[in-house]
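Each remark here refers to the structure printed beneath this line.
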Amino acid sequence: MLRIPCPFCGTRDHSEFSYGGDASVEYPALEAPAEAWLEAVFQRDNIDGVQLETWQHLHGCRMWIVVERDTRSHEIHSVRPAHEGLASALAQSADPVNES
Amino acid sequence: MTATRLAKGGYIDRDQLLNFTWDGRTLHGHAGDSLASALLASNQQVLGRSFKYHRPRGLMSAGVEESGALVTIGRGDRRDANVRATTQELYAGLVAQGQNAWPSVRFDAGSISNLFGRFLAAGFYYKTFMGLPPFEWGSGTGMWMRYEKIIRKAAGMGEASRSPDPDHYEHAHGYCDVLVVGSGPAGRGAALTAAKAGLDVILVEQEAILGGDTLAQPQAADNLADQIKALKGAGVRIMARTTAFGLYDGGVAGLLERVTDHLAEPPMWMPRQRCWTLRARYTVLATGALERHVAFGNNDRPGIMTANAARIYLNRFAVRAGENIVIATNNDSAYAGAFELAQAGASVQILDARKSIPDAIRAQAADAHAVLRTGAAPLMAHGAKGITALDIAGQHAANWREAGKTDCDLLLVSGGWSPVVNLLSHRGVKPVWDADLACFVPGQTNEPLSMAGSAAGIWNDNACLLSGQAAAERAVAHLGGAQGSSAAPAPGGWQGAITPLYEVKVPGRQLKSFVDPQHDVTTEDIRLAHREGYVSVEHLKRYTTLGMATDQGKMGNIIGLALMAEALGKEIPQVGTTTFRPPYTPVSLGALKGRNVGNHFRALRRTPLHEWNLEHGGTMTMAGLWHRPWYFAHSGETIGDAYVREAQTVRRTVGLCDVTSLGKIAIQGPDSTELLNRIYSNPFAKLPIGKARYGIMLRDDGFVMDDGTTWHLRESEYFMTTTTAHAGKVMAFLEELLQTRWTDLRVHVTSVSEQWAGVAVAGPKSRQVLESCVENPAAVSDTNLPFMGVLETTLKGKVPCRIARISFSGERAFEVYLPSDFCPDIMDALWESARSMNGCLYGLEALGALRIEKGHVTGAELDGRVTIEDAGLGRMASDKKPYIGSALRKRPDMARDNRPRLVGIFPRDRREIFNAGSLLCAPDHIEGYGEGWITAVTHSPALGHWIGLGFISGGHSQWHDKAVVCADPIRKGNTAVEIVSPHMFDPDGERMYG
């Protein structure tokens, strides 16, 4: 079982979370052509090593987070809120919550 | 073998006599005994029959690695097969039986297969029973099917009870700073050191009492009891009878706690076993080492066990396992036991495979008055149901040759020790071969985890203690405490080096030498596998089944590897080892499922109207996790009668239906309209306040995700409803969009599914029902609340509610949402009014009939493979705005004309019935996937015959004038049908809009 340090709630079992997808994907604008959407929706690297993933703390704070995880060891290197505004607000806060 | 219970010593209570039954005979032991020690003390030698050859088997060990004494415990529903007698604690009234034998393990008719042993070698099943036609006469899969039943019976293990498990089990969760596995010297040292540093420590021990290998040694003035007291005093949480069976990511360990397996009469309130998920910040594995056997002729005979096992029986259980004992060893560890057994009155001979041994060890043998032969090893055991004599081999140059025979009633073997690296292996860390110690030692890991004691290849008690302390200091430092000063002792610790010894054989002698006794894998099987071309250790394992029995190779793996290495002319590390996977020892399925059985198999969601529905005659059905009313039968009605009546009543007067399970989402904030306009495929930018709109959401890939209505309540507030099935998915998707893609949108989404209960009021008289229940009846007039109108108002009694005039049934209908807490009272009022108009309550079955008549889609149709055009709703999708899925829904394949499209289906002969799940085929081509499928069927009360919804390639325009067959080969057979528009009833919606 993975243990994911949620930036809002602290370290929790991965069974509280649901996996989203590849966090490195930049979704195109809605009006972008089909080719750009094909790239974003279907094309995925099969990474042997560290990759960025989105997870949602579904049975917790329901926040979407970006997890930097090593696919070989399952080691989690970093976790931040997916929402950039929240991420920078949290980074500036003096008392980050993720010390479990 | 003549075993004797000693008059004193051991960790047993001689005052407590426990009677138990073995194969129908009443025997007795003492509190503190294992079943194995009690059987041994009662001189029961043959305890099992082997898997393939039905050879007699007795105790081979005194612990979890036991391969011989597998027995069945209990009777009736409470029967546990393949229990190791060595790990089962004795209790009063225990019932144990030998298995894989008829009539009993002592006289087993099946042992005749021993005589045909040469036909049962490695790969026997494949070779004998699997062939290729036409050469499969007497073999081949056809024959295999026939033989399999007989073979399974002959080559079997214990038999499980076929009735439901009467016991209950629990899941539990735990946290600690340091988890210490094993309570030998290393584990105790680690736990005490870590606890004294202020850490929260859990110490798990698979045995009933703490001590580990210390229990195998003579008691030293209550030293162990003092140490355990110190552990408790330091705050160590001790879990005995608990096995750490698996180690997982993130410091998570799976523990199995055996709560009542040792009790004669378990109290009802206690779970039999508890499966723990334990999260530890640091883990110390002091899991010890297991002593190995050596392969020689008849090395599986009862009366042959590991040297340390005899020591455990002697010192822990006060049973001297034999009188005339031969100890065969290749290392120092067996000598202490030789002395202790001699002290207990046995005569001892020692065969040491080593040519030279240190003087101190030689002196130990002299102290035991033991006859010591160096360069000697066991060659073949004699005796049918127990060893009576032993042929000895002597070393001559690099080979063995016969060197005499000696009588004995007990043969103790020490072929070296294998550290228990299983749990580390679960973490993907490969063990490393240590040629000096002739064993695999733990590999390196970066995880917060240390191996300590003999699990790390350290053989000396004191060094084990130190290594435990050093491991604890690493834990303390890792968790932010002081850096420790102890250095971990190096592996090893014997005075003389071990001489590797895996097999003893002499030229020209046929021997039956077992490598994996539990699966009857012999040395010849390994060599045969090699001759037949198996070189990889993974293939060897699967071909010979080496290490695949319940002990998972604890006994025999290393010997098998060594023999394979020899056959290949390689060293053991080049052959490699197989990966140990969880569980370390067997875990019952009951413990894994815990309380999640029966009604607790999955979560159950009840609506606030649940009791109300039951009180009013509702029969419930499952819809996802929800319990929803299925139908409300009057007395004497079948389900078919009930739903037809309910649907007819809705079309004639009015009906009420609990629709609370629909997903409800509050969408609030200045950019709410923009969000809705982006996620729905149809326009939402201009939806006026006080209006609802039916919307269809697509996924990014352009397929339909969900549908529902969204109500515009106020300038920047909407109320969205989703289908029951996709409520969670839609909510998570909205959150994902707002948090990851559209972070600039000022919108808040909140699930309010639990806060609002929903009731559909449907039928020509629905407005009258509402009028009688709202405080201001004028508010629900046709003018004030037209089709798709939305109203926030109060019901009588000042209960706030939300009403929209929307229809799933195709009738004039309203959805009324009420605060959950007020629901039953309001429902009383609505029902009183509806009943006065000859209305009814209706359930899911009638709801389905009404919507199928109208061709309205639900989850059965929107199965994730359907485009908006396939569902016949393409004209709703906007071309003037971009939205989720708008780019990819235009892909060529999704615009194909002959995609399966939603259609209605009538039986050609209107009296016929057909089934959902059937395939739609052209009459001349009834095979394969056909041209489409049927998603839903119902008897249509409005049309008077059965109708269905489904998809067929090209849709209505392609097939409306063609013959179509509804193919249902395994149920009803073929039915001629015709394809009609999905809008089978009131296609112009006059009833709904009017």
Lys and Arg at +1, Asp and Glu at -1: neighbours of residue B:815 with Cβ under 15 Å from its Cβ sum to +4
Name the residues of region B:959-986 whose amide N is less than 18 Å from a point 7 angstrom out from the Cα of residue B:896 along the C-beta direction? B:959
Calculate, in nm to one decimal, what residue B:478 and residue B:262 gain on full extension: separation in residues at 0.36 nm each, minus their alpha carbon distance. 73.9 nm
Where both partners of a DSSP beta bridge lie in the protein assembly as shown, what percent of those bridges are antiparallel, to the nearest 5? 75
Starting from the Cα coordinates of region B:860-939, work out the convex hull volume and express it per residue in Å³. 130
Report the FRET efficiency, 1/(1 + (r/R0)^6), for residue A:74 and residue B:838, where r is their Cβ-Cβ distance and R0 is 51 Å, rounded to 0.05. 0.20
Take peptides B:973-980, B:643-650 and line them up by average Cβ neighbours within 10 Å, highest first, as a rough protection proxy. B:643-650, B:973-980
Please give the FRET efficiency for residue A:1 paired with residue B:860, using the beta carbon to beta carbon distance and R0 = 41 Å, rounded to the nearest 0.05. 0.70
Report the FRET efficiency, 1/(1 + (r/R0)^6), for residue B:639 and residue B:170, where r is their Cβ-Cβ distance and R0 is 30 Å, rounded to 0.05. 0.20
Helix B:727-736 vs. chain B, principal-axis angle (Cα, 0 to 90°, nearest 10): 80
Taking amide hydrogens as modeled 1.01 Å from N in the peptide plane, which residues meet the under 5 Å criterion relative to residue B:439, leaving out close sequence neighbours? B:434
10 Å Cβ neighbours from other chains, averaged over peptide B:729-736: 3
Sort out for me the Cα centre separation of region B:927-973 from region B:653-690, rounded to whole Å. 33
Taking the Cα centroid of region B:859-900 and of region B:15-71, what is the distance between the two, rounded to the nearest whole Å? 69
Cα long-axis angle, helix B:639-652 against chain B (0 to 90 degrees, to the nearest 10): 30
Likely footprinting exposure, B:570, B:355, B:512, fewest C-beta neighbours within 10 Å first: B:355, B:570, B:512
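Would you calculate the convex hull of the Cα atoms in region B:436-539 and tell me its volume per residue in Å³?
On the way: hull volume 17.2 nm³, N = 104.
Dividing the Cα hull volume of region B:436-539 by its residues yields 166 Å³.
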Please compute the volume of the convex hull spanned by the alpha-carbon atoms of chain A and report it per residue in Å³. 107
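How much length would be gained if the chain were fully extended between residue B:162 and residue B:388, taking 0.36 nm per residue of separation minus their Cα-Cα distance, in nm to one decimal?
77.3 nm
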Would you calculate, for chain B, the mean residue ellipticity at 222 nm contributed by helices, counting each DSSP H stretch of 4 or more residues as -39,500 (n - 2.57) and dividing by all residues, to the nearest 500? -6000 deg cm²/dmol
Relative to the first principal axis of the alpha-carbon coordinates of chain B, what is the inclination of helix B:557-568, with its axis defined by its Cα atoms, in degrees from 0 to 90 and to the nearest 10? 80
Enumerate the lysines that residue B:664 could reach by cross-link, defined here as Cα to Cα under 16 Å, with residues fewer than 8 away along the same chain left out. B:729
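Taking a ≥ b ≥ c as the square roots of the Cα gyration tensor eigenvalues, with a/c under 1.5 meaning rounded and otherwise prolate when a/b beats b/c, else oblate, which class fits region B:896-993?
Oblate.
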Centroid-to-centroid separation of region B:756-809 and region B:707-741 [C-alpha atoms, Å]: 23
Between the residues B:993, B:466, B:404, the Cα farthest towards the positive end of the dipole of chain B, that dipole coming from +1 and -1 charges on the beta-carbon of Lys, Arg, Asp and Glu, is from B:404
Cβ neighbours within 10 Å, averaged per peptide: list B:283-293, B:907-917, B:737-747, B:676-686 in order, most packed at the top. B:283-293, B:676-686, B:737-747, B:907-917
Along principal axes, largest first, the alpha-carbon spread of chain B in whole Å comes out as 112, 74, 55
Under the 7 Å Cα-to-Cβ spin-label approximation, residue B:398 and residue B:597 lie apart by a distance in nanometres of 5.9
Using a 10 Å cut-off on Cβ to Cβ distances, tally the other chain neighbours for every residue of A:45-56 and report the average as a whole number. 1
In whole percent, the Cα-Cα distances of the protein assembly as shown spread across 10 Å bins from 0 upward as 2, 9, 15, 16, 15, 13, 12, 10, 6, 2, 0, 0
So how do B:503, B:447, B:205, B:532 line up by other beta-carbon neighbours within 10 Å, fewest first? B:532, B:447, B:503, B:205
What aspartates and glutamates sit close enough to residue B:232 to cross-link, taking a C-alpha to C-alpha distance under 15 Å and skipping anything fewer than 8 places away on the same chain? B:200, B:205
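What's the long-distance tail for region B:393-452, i.e. % of Cα pairs beyond 18 Å? Kindly include the intermediate steps, with their values, before the conclusion.
Values: 1032 of 1770 pairs.
Cα-Cα pairs in region B:393-452 separated by more than 18 Å: 58 percent.
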Take peptides B:755-764, B:949-958 and line them up by average Cβ neighbours within 10 Å, highest first, as a rough protection proxy. B:755-764, B:949-958
Sorted largest first, extent of region B:663-751 alpha carbons per principal axis (Å): 30, 26, 22
How many Cβ atoms of partner chains, on average, are near each residue of B:738-749 if near means within 10 Å of its Cβ? 4
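Over all directions, what mean area does the Cα convex hull of region B:292-439 project, stated in square nanometres? Working shown, then result.
On the way: hull surface 39.7 nm².
Taking a quarter of the hull surface, the average projection is 9.9 nm².
Can you sort B:717, B:754 by how many other beta carbons sit within 10 Å, fewest first?
On the way: B:717 15, B:754 12.
The most exposed by this proxy come first: B:754, B:717.
Taken together, the values in this text are just the output of simple stated rules run on the coordinates, not laboratory data. Here the structure is a predicted model, which is why all the values come from computation and not from measurement. Cβ coordinates were reconstructed from backbone atoms using ideal geometry, including for glycine residues, and neighbour counts include every protein chain displayed.
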